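A.B. asks: Attaching a single structure in structure tokens format; questions to follow.
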Amino acid sequence: MEHISKLPNIETTIFTTIGNLARKHDAIDLSQGFPNFEADKKLIDLVSIAMRSGHNQYAPMPGYYGLREIISHKIENLHGTFYHPETDITVTVGATQAIFTAITAFVHSGDEVIVLKPAYDCYEPAINLNGGVPIYLDLEAPAYVVDWTVFKRLITHKTKMVIINTPHNPSGHIFSKEDMLQLQELLRGTDILLISDEVYEHIIFDGKEHESASRFTDLASRSFICASFGKTFHVTGWKLGYCAAPKPLMKEFRKVHQFNVFSVDHPTQRAMAEYLKTKANYANLNTFYQDKRDFFLKGLENSKFEFIPSSGTYFQLLDYRKITVESDTDFAKRLILDYKLASIPISSFNVNNRDDKVLRFCFAKKQETLAEAVDILNQL
Ligand SMILES: Cc1ncc(COP(=O)(O)O)c(C=O)c1O
């Protein structure tokens, strides 16, 4: 039988390739974006309690109401915008499903979607599967700042949607208030929708603030705010997140959600609703990860790597130009084979695999793991 692939250009991702190689060679794995420490025991216990209390059947289609309520409070407290739990918030299988669902619900064949590169890898397949056309804005290393005049030139009558991600994976760059205001002005008066991927909303450093799209009235009116409890609470394996958007947008979103997912794991939703009642559970995350970033970078002060400290996320980019002329993929593989340390080559996030000689390291790791990684990096 012959089948025409709907995604002919998708091959094994670099994450799988590097992950497999890291396991095969028993390398310290700073490649993939997940912690190697446990989640808060209180949160785990809350799931057991929910299960033992009998919350083991389907949750309501848009999510457990108590969780939607607390999400609504959280957004209003942090950003001053009210999302009605009944109509404006849907609990999803992580941010990935929220993003996929928003794209599927709105992007028609031929619609253009502006994607800022380097970008997380789930955006483009979702656009392509829906017949959309990704339009790329190339951000330049090492700062990855957006030139809004270049962005403006990409907007056409076919532009349906823009996808942004702040704090940004892989660069650790964050959008300032001015960035968000520029974006708001450029989209004002259009029908263009915005997906705001905010999965690292609570991992932001040096006293800076997360400028959620929900803070900006005109942006919020066209935005899907996509968030991830997996990222925030060290439970990426739970695949629990949410999408917040104004009622008319959420109405269409739920039409797709209802028949793709229907409803999300119930006991973890109950646990999360309870856990979110304590603000410190997420408010202290900035310091927790900033300490890890600082420990990692202090260790590299005298190394040959060059870097701009990450402003958010749990990723740090390291420029290795002073060490070798190898491609980033070759160097990343050699680091695993010869030094037993895994990282991600950034070319895999770029248009045409542009190689800026930069590797991405995840510092959501135990102190001893980071110390071992630092020792290795100092040998280069
Ligand atoms: C920028 C970005 N968006 C979305 C996701 C996916 O989040 P989730 O695991 O909640 O689906 C990730 C995970 O690495 C990410 O880095």
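The values are calculated or read from the model by the stated rules, or taken from the named source; none is laboratory data. Quick caveat, the model's predicted, so the values are computed rather than measured. Please note: Cβ atoms are built from the backbone with ideal geometry, for glycine as well, and neighbour counts cover all protein chains shown. Heads up: the accessible areas ignore ligands, DNA and RNA and are worked out on the full protein's heavy atoms, side chains in. Shrake-Rupley method; radii C 1.70, N 1.55, O 1.52, S 1.80 Å.
A.B. asks: If you count only protein heavy atoms with a 1.4 Å probe, what accessible area per residue comes out for region 256-380, rounded to a whole Å²?
C.D. replies: Numbers: 5380 Å² over 125 residues.
Value returned for region 256-380: 43 Å² of accessible area per residue.
A.B. asks: If you take the charge dipole of region 245-380 about its Cα centre, with +1 on Lys and Arg Cβ and -1 on Asp and Glu Cβ, which of S310, S348, H266 is farthest toward its positive end?
C.D. replies: Checked the options; the winner is H266.
A.B. asks: Follow-up. When the helices in the chain are scored as -39500 (n - 2.57) per DSSP H run of 4 or longer and the sum is shared across all residues, what 222 nm value do you end up with, to the nearest 500 deg cm²/dmol?
C.D. replies: Details: 15 runs with 151 residues, N = 380.
Rounded to the nearest 500, it is -11500 deg cm²/dmol.
A.B. asks: Still on this model: Alpha carbon centre of region 53-102 versus region 340-367: separation in Å?
C.D. replies: If we compute the Cα centre of each part, the gap is 32 Å.
A.B. asks: Give the residue from Q182, H257, G33 lying farthest towards the positive end of the charge dipole for the chain; charges sit on Cβ (+1 for Lys and Arg, -1 for Asp and Glu) and the dipole is referred to the Cα centre.
C.D. replies: So the residue we want is H257.
A.B. asks: With θ set to phi - 60° and the Karplus curve 6.51 cos²θ - 1.76 cosθ + 1.60, what are the ³J(HN,Hα) couplings of region 186-202 in order, to the nearest whole Hz, using x for Gly and Pro?
C.D. replies: 5, 9, 4, x, 9, 9, 6, 8, 10, 9, 10, 7, 10, 5, 9, 3, 9
A.B. asks: Could you list the chymotrypsin sites (Phe, Trp or Tyr not before Pro) in region 1-107 that lie in coil according to DSSP, counting only those with at most 13 other Cβ atoms within 10 Å of their Cβ?
C.D. replies: Working: sites: F15, F37, Y58, Y64, Y65, F82, Y83, F100, F106; in loops: F37, Y58, Y64, F82, Y83.
Listed in order of number, the matching sites are F37, Y58, F82.
A.B. asks: Counting only protein heavy atoms and a 1.4 Å probe, tell me what percentage of region 44-143's accessible area is made up of carbon and sulfur. Mind dumping the intermediate values first?
C.D. replies: Values: 2250 of 4120 Å².
Carbon and sulfur together cover 55 percent of it.
A.B. asks: Per residue, what volume in Å³ does the convex hull of the Cα atoms of region 54-133 enclose? Working shown, then result.
C.D. replies: Values: hull volume 11.0 nm³, N = 80.
It is 138 Å³ per residue.
A.B. asks: Let me ask another. Antiparallel as a % of all DSSP beta bridges within the chain, to the nearest 5?
C.D. replies: Roughly 45 percent of the beta bridges in the chain run antiparallel, per DSSP.
A.B. asks: Counting only residues 5 or more places away or on other chains, whose amide H sits under 5 Å from the amide H of D111 once H atoms are built in the peptide plane?
C.D. replies: V133
A.B. asks: Moving on. I need the fraction of alpha carbon pairs in region 4-127 separated by more than 20 Å, rounded to a whole percent. Display every interim value, and only then the final one.
C.D. replies: Details: 5145 of 7626 pairs.
Value for region 4-127: 67 percent of Cα pairs lie more than 20 Å apart.
A.B. asks: Which shape class applies to region 163-245: rounded if a/c is under 1.5, otherwise prolate when a/b exceeds b/c and oblate if not, where a ≥ b ≥ c are the square roots of the Cα gyration tensor eigenvalues? Write out the running numbers ahead of the final one.
C.D. replies: Working: a/c = 2.45, a/b = 1.45, b/c = 1.68.
Oblate is the answer for region 163-245, as a/c is 1.5 or above yet b/c matches or exceeds a/b.
A.B. asks: Then there's this: Placing unit charges on C-beta atoms (Lys and Arg positive, Asp and Glu negative, everything else neutral), compute the dipole magnitude of region 237-380 about its Cα centre in debye, rounded to 20. Intermediate values should be presented prior to the final figure.
C.D. replies: Details: 22 positive and 17 negative charges, 149 e Å.
I would put it at about 720 debye.
A.B. asks: Still on this structure, please answer the following. State to the nearest 20 debye the size of the charge dipole of region 238-305 about its Cα centre, where the only charges are +1 on K and R beta carbons and -1 on D and E beta carbons.
C.D. replies: Working: 12 positive and 6 negative charges, 49 e Å.
Once rounded to the nearest 20, the dipole reads 240 debye.
A.B. asks: Each residue of region 93-109 in turn: what ³J(HN,Hα) in whole Hz from Karplus with 6.51, -1.76, 1.60 and θ = phi - 60°, glycine and Pro shown as x?
C.D. replies: Using θ = phi - 60°, the values come out as 7, x, 5, 4, 5, 4, 5, 4, 5, 4, 5, 4, 6, 10, 8, 9, 4 Hz.
A.B. asks: Keeping all protein chains in position, work out how much accessible area D191 exposes to a 1.4 Å probe, and write it in Å² to the nearest 10.
C.D. replies: Only protein atoms counted, so the area is about 140 Å².
A.B. asks: Whole angstrom only: what separates the Cα centroid of region 259-299 from the Cα centroid of region 166-222?
C.D. replies: For region 259-299 versus region 166-222, the Cα centre distance is 20 Å.
A.B. asks: Apply the Karplus parameterisation 6.51 cos²θ - 1.76 cosθ + 1.60, with θ equal to phi minus 60°, to every residue of region 292-298 and state each ³J(HN,Hα) to the nearest whole Hz, in sequence, with x for glycine and proline.
C.D. replies: The phi angles translate into 5, 4, 5, 4, 4, 6, 4 Hz.
A.B. asks: Now a separate question. Compare the Cα positions of V146, N281, G19 along the charge dipole of the chain (+1 at Cβ of Lys, Arg; -1 at Cβ of Asp, Glu; about the Cα centre) and return the one farthest towards the positive end.
C.D. replies: Farthest towards the positive pole: N281.
A.B. asks: With the contact rule set at Cα under 8 Å and sequence spacing of 6 or more, what percent relative contact order holds for region 207-363? List each step's numbers first, then the result.
C.D. replies: Values: 152 pairs, mean separation 21.8, N = 157.
Answer for region 207-363 is 14 percent.
A.B. asks: Using square roots of five times the C-alpha gyration tensor eigenvalues, list the equivalent-ellipsoid semi-axes of region 38-101 in whole Å, biggest first.
C.D. replies: Computed over region 38-101, the values are 23, 16, 13 Å.
A.B. asks: Now for a different question. Loop-only GluC sites (Glu not before Pro) in region 290-331, please: DSSP not H, G, I, E or B, and at most 12 other Cβ atoms within 10 Å.
C.D. replies: On the way: sites: E301, E306, E326; in loops: E301, E326.
Listed in order of number, the matching sites are E301.
A.B. asks: Now, a different point. With every protein chain left in place, what is the accessible area per residue of region 180-220 in square angstrom, probe 1.4 Å? The partial results should precede the final answer.
C.D. replies: Numbers: 1450 Å² over 41 residues.
Ligands and nucleic acids excluded, the figure is 35 Å² per residue.
A.B. asks: Moving on. Counting other Cβ atoms within 10 Å, which trypsin sites (Lys or Arg not before Pro) in region 194-227 have at most 10 and lie in a DSSP loop? The partial results should precede the final answer.
C.D. replies: Working: sites: K208, R215, R222; in loops: K208, R222.
Loop-located and lightly packed - none at all.
A.B. asks: Dipole of the chain, Cα-centred, from +1 at each Lys and Arg C-beta and -1 at each Asp and Glu C-beta, to the nearest 20 debye? All intermediate terms of the calculation are to be shown ahead of the outcome.
C.D. replies: Working: 41 positive and 46 negative charges, 136 e Å.
Using only the charged Cβ atoms, the result is roughly 660 debye.
A.B. asks: Something else about it: In the full protein assembly as shown, how much of D375 is accessible to a 1.4 Å probe, in Å² to the nearest 10?
C.D. replies: 100
A.B. asks: Next question. Can you check what the Kirkwood hydrodynamic radius comes to for region 214-334, Cα pairs only, in Å to one decimal? Walk me through the numbers on the way to the answer.
C.D. replies: Details: mean 1/r = 0.0546 Å⁻¹.
Evaluated on region 214-334, it is 18.3 Å.
A.B. asks: Percent of Cα-Cα pairs more than 34 Å apart in the chain, please.
C.D. replies: Numbers: 19854 of 72010 pairs.
Percentage above 34 Å: 28.
A.B. asks: May I pose another question? Could you state the accessible area per residue of region 67-138 in Å², with a 1.4 Å probe and every protein chain left in place?
C.D. replies: Working: 2360 Å² over 72 residues.
Per-residue accessible area for region 67-138 comes out at 33 Å².
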